[in-house]
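Bear in mind that the values in this text are calculations on the coordinates, not laboratory data. None of the values given here were measured: they were computed from a predicted structure. Glycine gets a Cβ as well: all are built from the backbone with ideal geometry, and neighbour counts include every protein chain shown.
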């Protein structure tokens with residue numbers, strides 16, 4: 001079975017077809033995630049999707065938009081780390 005793909009997107013690093021209960025990953029999730037169904041809880045120790053090298057604030061993000069895609073319902077997205085950044089402290 002071919003991997004699901006949305007027009008203009010890259011092949012996802014993690015993908016599923018159908019519904020899931022809970023997805024529990026004790027470590028790092030990076031790259032793209034595509035869940036074409038429903039999930040109760042998606043847990044990962046860290047979630048670093050998008051550009052692994054990072055981007056400046058005013059950069060173009062259109063090529064990584066939708067890097068965490070859920071086609072149905074996701075009840076809980078849980079991590080012990082920050083989402084979308086490697087630092088939760090605000091600057092001056």
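Quick notes on this structure:
- Modelled label positions at residue 65 and residue 36, each set 7 Å beyond Cα in the direction of Cβ, lie 2.2 nm from each other.
- Length added when fully stretched, residue 28-residue 76, from 0.36 nm per residue minus Cα-Cα: 15.6 nm
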